[in-house]
Structure formats: C-alpha cells, structure tokens
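Let me begin by presenting the structure, written as structure tokens, before commenting on it.
The values are calculated or read from the model by the stated rules, or taken from the named source; none is laboratory data. On a predicted model such as this, the values are computed, not experimentally measured, just so you know. Cβ coordinates were reconstructed from backbone atoms using ideal geometry, including for glycine residues, and neighbour counts include every protein chain displayed. Ligands, DNA and RNA are stripped out before the accessible areas are found, and what is left, the full protein with its side chains, is counted by its heavy atoms. Shrake-Rupley method; radii C 1.70, N 1.55, O 1.52, S 1.80 Å.
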Amino acid sequence: MKHEEIRELVLQDQTREFLSNELIGSSISIPRPFWDELVSCHVVFPNGIVYEAFPEDRIPPGPISFMQAVQPFVGCSIGFLNADVSFSGTYELMSLLRHSADNSLSLTRQRFHVTLIPHDPTK
C-alpha cells in the first residue's frame, strides 16, 4: 500500500478575546480555499486532549462545538457559545485538505490563545 505524502503548514499563532454569553457565539477557524476538500479537522483543547471534529464530531457536548455547514462550505471551525471563562486557554486546530489542483494533501496547524470574558447583557 502506497502512502501519500502530506505537506505540513504551520500558521502564525492567533490571540482572541471572546465575550462569554448565551446569545453571543464566537469561533476560531483555519481558512480553506473554496475548491479544496476538507478531509479531517481535529482540535486540541488546552488540557492537551485531541478531539476529532470532522468528519465525525467527537467533541464532548457542551459550549464548544464543531461549526456545521453544508458542502462545499465545510471548514475546520470551532464555535464557542456560552462558554465559561474556565474554557480560556490555547486551542490548536489541525485541518487536513485534499487540493483539487493536484489531488495532494496538506495538514495545516494553527494555535489560538483564547480568553473568554464574562458578559451580562442586562448590565
């Protein structure tokens, strides 16, 4: 069995501050060319545990979830909705793409330093 070569790309770390509120959602994502296919998406939580987000969403139920979309708009994107400040930390996304131009594969990695800030819209 022949193994395909996978080109690895590491994008610059990003820092994000999000409001924690049940009405305000935020997300982190790795950009993807429209014509390329997302093969898999994984997320590393701040505690070091890796979860598959796509093609199977194995992220535990809670305030952090894979951002579903219809094909061909599916990308490696994780959403935060009403996540407590305890979910602050460094998340890493890993996006495996198949490129339509030459059928090659690339794995893109990016770390996001996320700070969740409590927000009460009634105050």
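Ranked by the mean number of other Cβ atoms within 10 Å per residue, highest first, peptides 10-19, 86-95 order as 86-95, 10-19.
The mean accessible area for residues of region 6-107, using a 1.4 Å probe and ignoring ligands and nucleic acids, is 57 Å² per residue. Counted residue by residue at 0.36 nm each, then reduced by the alpha carbon distance between them, the extension gain from residue 49 to residue 71 reaches 5.2 nm.
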